[in-house]
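Read through the structure below, which is laid out as structure tokens, and then see the notes.
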Amino acid sequence: MPSVAVFPAIIPSASEMGIVSNTKQFISPLTGYTQTTSRRGARWFLRMSFLNLRADERGVLKGLLGFMDGQVNRIQVGDHSYTGARGALGGTPLVNGATQVGSILLTSGWPTSTVVLKAGDLISFSNGTYSELKQVTSNITSSATGTASITINPEIHKSPANSASIETANPVGTFMLASPVINWTNRPSQIGGVSSPASDISIDLVEDIGT
């Protein structure tokens, strides 16, 4: 079982984040008609670049890469550009029902009859093994009883337990290194005539979607 660490509070100089969809195209050699099918296995990718790192931050990130041990262990991290949900949120949102699959998450515990989430908002929940990060794909209005069916991407990888908490303030996913190779660029530097070496570190991650 992999160990999981929380990503440290170090902001990248730049980051790139998105979703890799698991789709397949079939193109007819006779008519050129294209049929596209969607399969399970869509996942997040995240690339973070840290430039001119010195002293503590450099050591923390190098230590984190050592902890990752190639592709053995995992980290929990979110989208550093995310500034919070645009929906009203509120209440105590929970997963509403066990054995859920697909791209709709049934939830409860929201304020009643309110646009609680908007397209592009992020949420996350624990599936009992790791944290799954989801992007809301349409505006979501809660019912008169505080339930809401949330359309999400990527799809649910592993069904969360009934009444599992839904994280809206600091949503994170569980990621692994995209490559077992870990490295960084070292650069000698001078500040006020004093040697002050710096490092540039780039970290490429993919979401752990389990088995």
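Please treat every number below as a calculation from the coordinates, not as lab data. Computed from a prediction, not measured in an experiment: that's the story for all the values here. All Cβ positions, glycine included, derive from the backbone under ideal geometry; neighbour counts span all protein chains shown.
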Legend entry - Projected label distance in nm at residue 104 and residue 204, using a 7 Å step from Cα toward the beta-carbon: 3.7
Inset, instruction - Rounded to the nearest 10 degrees, what's the angle between the helix 55-68 long axis and the longest principal axis of the chain, both from Cα atoms, 0 to 90? - result: 60
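Using the alpha carbons of region 105-146, what is the convex hull volume per residue in cubic angstrom, as a whole number?
In region 105-146, the Cα hull volume divided by residue count equals 66 Å³.
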Inset, instruction - Pop out the ³J(HN,Hα) list for region 130-147 in order, Karplus 6.51 cos²θ - 1.76 cosθ + 1.60 with θ = phi - 60°, rounded to Hz; leave Gly and Pro as x. - result: 8, 8, 9, 9, 10, 9, 6, 9, 7, 5, 10, 9, 6, 7, 5, 10, x, 8
Inset, instruction - Taking amide H positions as placed in the peptide plane 1.01 Å from N, state which residues far from residue 118 in sequence (5 or more) or on other chains have amide H under 5 Å from it. - result: 86, 87, 140
Inset, instruction - Kindly provide log₁₀ I(q)/I(0) values, in the same order as q = 0.15, 0.19, 0.24, 0.26 Å⁻¹, from the Debye equation applied to equal alpha-carbon scatterers of region 131-211. - result: -0.75, -0.97, -1.26, -1.34
Legend entry - Directionally averaged shadow of the chain, computed from the convex hull of its alpha-carbon atoms, nm²: 15.8
Inset, instruction - For residue 62, go through the aspartates and glutamates and keep the ones whose alpha-carbon is under 18 Å away, minus same-chain ones fewer than eight residues off. - result: 200, 204
Inset, instruction - Could you work out the per residue convex hull volume over the alpha carbons of region 71-116, in cubic angstrom? - result: 155
Inset, instruction - Using a 10 Å cut-off on Cβ atoms, rank the peptides 90-99, 122-131 from the highest mean neighbour count down. - result: 122-131, 90-99
Inset, instruction - Per residue of region 92-97, in order, report the coupling 6.51 cos²θ - 1.76 cosθ + 1.60 (Karplus, θ = phi - 60°) as ³J(HN,Hα) in whole Hz, putting x for Gly and Pro. - result: 10, x, 9, 5, 10, x
Legend entry - Radius 13 Å from Cβ of residue 75, net charge of other residues (Lys, Arg +1; Asp, Glu -1): -3
Legend entry - Where the Cα pairs of region 36-93 fall when distances are cut into 10 Å bins, in %: 14, 31, 29, 22, 4
Inset, instruction - May I ask for the Kirkwood hydrodynamic radius of region 94-171, worked out over all distinct Cα pairs and given in angstroms to one decimal? - result: 12.1
Legend entry - Under 11 Å, Cβ to Cβ, from residue 53 - net charge with Lys/Arg +1 and Asp/Glu -1: +1
